[in-house]
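Quick notes on the structure that follows.
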Amino acid sequence: MYYLFRQKMLLYPVFSTTDIMKQFPDFDRKNLVNWQKKGYIKKIRNNYYCLTENTIDEQFLNFTANKIYSPSYISLETALSYYTIIPEGVFTINSVSSIRTNRFNTPIGTFNYQHLKSSLFFGYQLIPFNKLFYKIAELEKTILDYLYLHPTIDNSEDFNHLRWNKEALKKIDLNLFSQYQSLFNSRALDKRVSYFIIFLNA
């Protein structure tokens with residue numbers, strides 16, 4: 001039974017019990033307990049699993065973040081690291097979601113989700129992964145998400161403490177950045193953006 005299960009589930013880097021039932025309508029969930037004990041599969045969170053043989057790398061973790069809490073997309077510190085805006089790797093996988101703020105400590109990593117209202121759920125790109133894809137914020141949206149969700153930024157000097165890479169920030173499309181900014185319709189964000197522009201041009 002596991003051989004057939006494995007062949008089907010290789011199509012899914014991370015699979016849910018719903019995915020399993022689509023492939024095996026009469027599936028006995030006791031198999032999941034037994035296969036965990038044998039080390040064949042790993043439980044990530046309730047109703048989400050992966051094959052133990054999978055390589056746990058950056059792309060796998062990003063895909064997992066999208067899969068286990070949806071709708072969501074990678075943003076904030078994780079996306080800043082992806083775009084080399086911040087120098088260090090990020091051990092927590094950070095996302096935004098149009099559902100409530102949440103956090104999952106799992107055997108493969110910690111997944112953090114900050115709430116963003118549905119009208120702001122845009123500005124992400126699709127990254128191919130194992131014939132599927134995951135969503136990550138575009139550079140411009142990453143910066144805006146970060147500024148929007150960090151109200152403690154109240155002057156341009158605060159960016160020096162963040163150690164953001166100005167060379168990498170030169171890749172920002174300022175026209176797109178401005179378009180996205182207007183969609184937030186937030187005076188507080190506009191103020192933080194003005195500090196960001198001062199930092200960028202300093």
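Below are the figures for this structure:
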{"item": "Some residue of the range 98-116 being in the same structural domain as Pro151 (by TED's automatic domain parsing), under 22 Å from Lys171 (Cα atoms) and not acidic (Asp, Glu)", "result": "no"}
{"item": "Extreme residue, surrounded by the fewest Cβ atoms within 10 Å (Cβ to Cβ), among residues of the range 138-170 that are among the basic types (Lys, Arg) and modelled with pLDDT under 95", "result": "Lys170"}
{"item": "Selection status of Phe184, in contact (Cβ under 8 Å) with a residue 60 or more places away in the chain, within 18 Å of Leu116 (Cα to Cα), in the same structural domain as Ser75 (by TED's automatic domain parsing) and surrounded by 17 or more Cβ atoms within 10 Å (Cβ to Cβ)", "result": "yes"}
{"item": "Scan of the range 109-120 for residues that are surrounded by fewer than 16 Cβ atoms within 10 Å (Cβ to Cβ) and not hydroxyl-bearing (Ser, Thr, Tyr), ordered by number", "result": "His115, Lys117"}
{"item": "Any hit, the range 84-103, residues being of a type in the set (D, E, K, R), closer than 24 Å to Asn201 by Cα and in contact with a Pro (Cβ under 7 Å, 6 or more places away or on another chain)", "result": "no"}
{"item": "Subset of the range 1-16 [among the hydroxyl-bearing types (Ser, Thr, Tyr) and surrounded by fewer than 14 Cβ atoms within 10 Å (Cβ to Cβ)]", "result": "Tyr2, Tyr3"}
{"item": "Selection within the range 128-141 - touching a residue at least 40 places away in the same chain (Cβ under 8 Å), more than 21 Å from Tyr48 (Cα to Cα) and either more than 11 Å from the chain's Cα centre (by Cα) or in the same structural domain as Ile44 (by TED's automatic domain parsing) (or both)", "result": "Leu139, Glu140, Lys141"}
{"item": "Count of residues meeting criterion [touching a helix residue (DSSP H, G or I) at 6+ places or on another chain (Cβ under 9 Å) and of a type in the set (D, E, K, R)] in the range 147-202", "result": "9"}
{"item": "Long-range neighbours under 8 Å by Cβ, at least six apart or interchain, first residue among the basic types (Lys, Arg) within the range 48-71, second surrounded by fewer than 19 Cβ atoms within 10 Å (Cβ to Cβ)", "result": "Lys67/Ser16"}
{"item": "Hits in the range 171-197 (condition: assigned to a helix (DSSP H, G or I) and either at pLDDT below 95 or closer than 19 Å to Thr84 by Cα (or both))", "result": "Leu174, Phe177, Phe196, Ile197"}
{"item": "Odd one out for Trp164 among (1) without any contact (Cβ under 8 Å) to a residue 24 or more places away in the chain; (2) outside any helix (DSSP H, G or I)", "result": "(1)"}
{"item": "Positions within the range 151-161 being hydrophobic (A, V, I, L, M, F, W, C) and part of a loop (DSSP other than H, G, I, E, B), in sequence order", "result": "Ile153"}
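The values are calculated or read from the model by the stated rules, or taken from the named source; none is laboratory data. What you are looking at is a predicted structure, and each value in this text was computed from that prediction instead of being measured. Cβ atoms come from the backbone with ideal geometry, glycine included; neighbour counts cover every protein chain shown.
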